[in-house]
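**Student:** Before anything else, here's the structure in question.
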Amino acid sequence: MMFNIDINNDFADKAGPGGWNDPDIIAINQDPLGIQGKKVAFASSRFPNVSTEIVVANCSTSSKIEPKRLQWIYNSQDGTIRSALNRRCLSINNCSTAEGATIVLSECHINDSQTQCQGKNQQWTVGTADQTVISQMNGKCLNVNLLHGPNVDAHTWDKQDYQQWLWNTTDGTVRTKHDGQCLTVLQELEIWAGSLSDHSQAVVLLNRGNSGSESITVKWTDIAFPNDQAAIVRDLWARKDLGIFIGNFTSPNINYHSVMMLKITTMRNKY
């Protein structure tokens, strides 16, 4: 498998969005390593100004999702709905008034004259009678896009249960009345890993974001290595060792829709 990866390095110029290594072509829960690898961790965004997409996820099977990604705080005074994860605001992307405008999580800019639409795209009215969440900017509803699920968008109210939301004050979740799934901050940075025959780990770092680039940190505890163990990290595409690290490795910035492939070998298993 390592030999095949090294061969694929010759096609690096074909990589990138839409290319052979585009994570969008990897089905959810499909093994991108081809070695019975599994998703071992999610990483958090380090850039607060990067917008993150909002989706709905199954609350009952969300143990792999950080709980705060499912929790929301509504402020009726300023109309914001903030994520418990980072206090950023539920927003209509780019202040769009179009049907089906994407809903994202971004920095709050309420009444900020220096920003597009002065944060009006981040103000909502929660209807207790009809269970809707209505944009104060354009009157459109928070809506589950059934054709392109699990995405959430803004759409004209059509009196359907996929535009109605149940607020759970006990656990902080907001659930769609349609099927009970939770409003969720999309997990864009992923770490996949699988054991190799020499007891090293093949690791894939995925940036599923739609803009920008970010570094991803893989912790030794994510890949069943002792936290205090020194390990050699090898970049499989560059075909070079990156150095010896203890406890974790932080990658250089990885572009959106792109991946980095590593082989991590503890010093104990190296010799």
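The values are calculated or read from the model by the stated rules, or taken from the named source; none is laboratory data. If you're wondering where the values come from, they're calculated on a predicted model, not measured in any experiment. Neighbour counts are summed over all protein chains in view; Cβ atoms, including those assigned to glycine, are modelled from backbone coordinates with ideal geometry.
**Student:** Mind counting the residues in the stretch 192-216 that are buried (at least 22 other Cβ atoms within 10 Å of the Cβ), of a type outside the set (S, T, N, Q) and farther than 21 Å from residue 239 by Cβ?
**Tutor:** 1
**Student:** Oh, and also: What pairs come up if the first residue lies in the stretch 51-65 and is over 14 Å from residue 173 (Cβ atoms) and in the same structural domain as residue 88 (by TED's automatic domain parsing), the second is assigned to a strand (DSSP E or B) and at pLDDT below 80, and their beta carbons are under 9 Å apart, counting only those six or more places apart or on different chains?
**Tutor:** Short answer, once both residue conditions are applied: 64/39; 64/42.
**Student:** Of the residues 84, 98, which single one is among the small types (Gly, Ala, Ser) and closer than 18 Å to residue 174 by Cβ?
**Tutor:** Numbers: 98 fails: closer than 18 Å to residue 174 by Cβ.
Exactly one of 84, 98 is among the small types (Gly, Ala, Ser) and closer than 18 Å to residue 174 by Cβ, namely 84.
**Student:** Among the residues of the stretch 231-239, is any surrounded by fewer than 15 Cβ atoms within 10 Å (Cβ to Cβ) and either over 19 Å from residue 188 (Cα atoms) or not acidic (Asp, Glu) (or both)? It would help to see each step written out before you state the result.
**Tutor:** Taking the stretch 231-239 first, the residues surrounded by fewer than 15 Cβ atoms within 10 Å (Cβ to Cβ) are 238-239.
Now restrict to residues that are either over 19 Å from residue 188 (Cα atoms) or not acidic (Asp, Glu) (or both): 238-239.
Yes; the residues of the stretch 231-239 include at least one that is surrounded by fewer than 15 Cβ atoms within 10 Å (Cβ to Cβ) and either over 19 Å from residue 188 (Cα atoms) or not acidic (Asp, Glu) (or both).
**Student:** Could you say which residue among 113, 83 is touching a residue at least 12 places away in the same chain (Cβ under 8 Å) and of a type in the set (S, T, N, Q)? Quick ask: steps written out before the conclusion?
**Tutor:** Values: 113 fails: touching a residue at least 12 places away in the same chain (Cβ under 8 Å).
None of the others qualify; the one that does is 83.
**Student:** Kindly establish whether residue 127 is assigned by TED's automatic domain parsing to the domain that holds residue 75, free of Cβ contacts under 8 Å to residues at least 12 places away in the same chain and among the small types (Gly, Ala, Ser). Spell out the reasoning first.
**Tutor:** Working: assigned by TED's automatic domain parsing to the domain that holds residue 75: yes; free of Cβ contacts under 8 Å to residues at least 12 places away in the same chain: yes; among the small types (Gly, Ala, Ser): yes.
For residue 127, the condition - assigned by TED's automatic domain parsing to the domain that holds residue 75, free of Cβ contacts under 8 Å to residues at least 12 places away in the same chain and among the small types (Gly, Ala, Ser) - is met.
**Student:** Among the residues of the stretch 94-107 satisfying the criterion of being touching a strand residue (DSSP E or B) at 6+ places or on another chain (Cβ under 8 Å) and crowded, with 17+ Cβ neighbours inside 10 Å, which is farthest from residue 153 (Cα to Cα)?
**Tutor:** If we take residues in the stretch 94-107 being touching a strand residue (DSSP E or B) at 6+ places or on another chain (Cβ under 8 Å) and crowded, with 17+ Cβ neighbours inside 10 Å, then 107 is farthest from residue 153 (Cα to Cα).
**Student:** With respect to the numbered conditions (1) buried (at least 22 other Cβ atoms within 10 Å of the Cβ); (2) in contact with a helix residue (DSSP H, G or I) (Cβ under 7 Å, 6 or more places away or on another chain); (3) among the polar types (S, T, N, Q), which one is the sole condition not fulfilled by residue 136?
**Tutor:** (1)
**Student:** Would you confirm whether or not the stretch 174-187 contains a residue that is surrounded by fewer than 21 Cβ atoms within 10 Å (Cβ to Cβ) and not in a loop (DSSP other than H, G, I, E, B)?
**Tutor:** Scanning the stretch 174-187, I find at least one residue that is surrounded by fewer than 21 Cβ atoms within 10 Å (Cβ to Cβ) and not in a loop (DSSP other than H, G, I, E, B), so the answer is yes.
**Student:** Go through 92, 73 for me and flag whichever is over 14 Å from residue 174 (Cα atoms) and among the β-branched types (Val, Ile, Thr).
**Tutor:** 92
**Student:** Yes or no: residue 173 in contact (Cβ under 8 Å) with a residue 12 or more places away in the chain, among the β-branched types (Val, Ile, Thr) and closer than 30 Å to residue 75 by Cβ?
**Tutor:** When the stated conditions are applied, residue 173 passes them.
**Student:** Among the residues of the stretch 212-257, which ones are modelled with pLDDT of 90 or more, of a type in the set (Ser, Thr, Tyr) and assigned to a strand (DSSP E or B)?
**Tutor:** If the condition is that a residue be modelled with pLDDT of 90 or more, of a type in the set (Ser, Thr, Tyr) and assigned to a strand (DSSP E or B), then 250 is the only one that fits.
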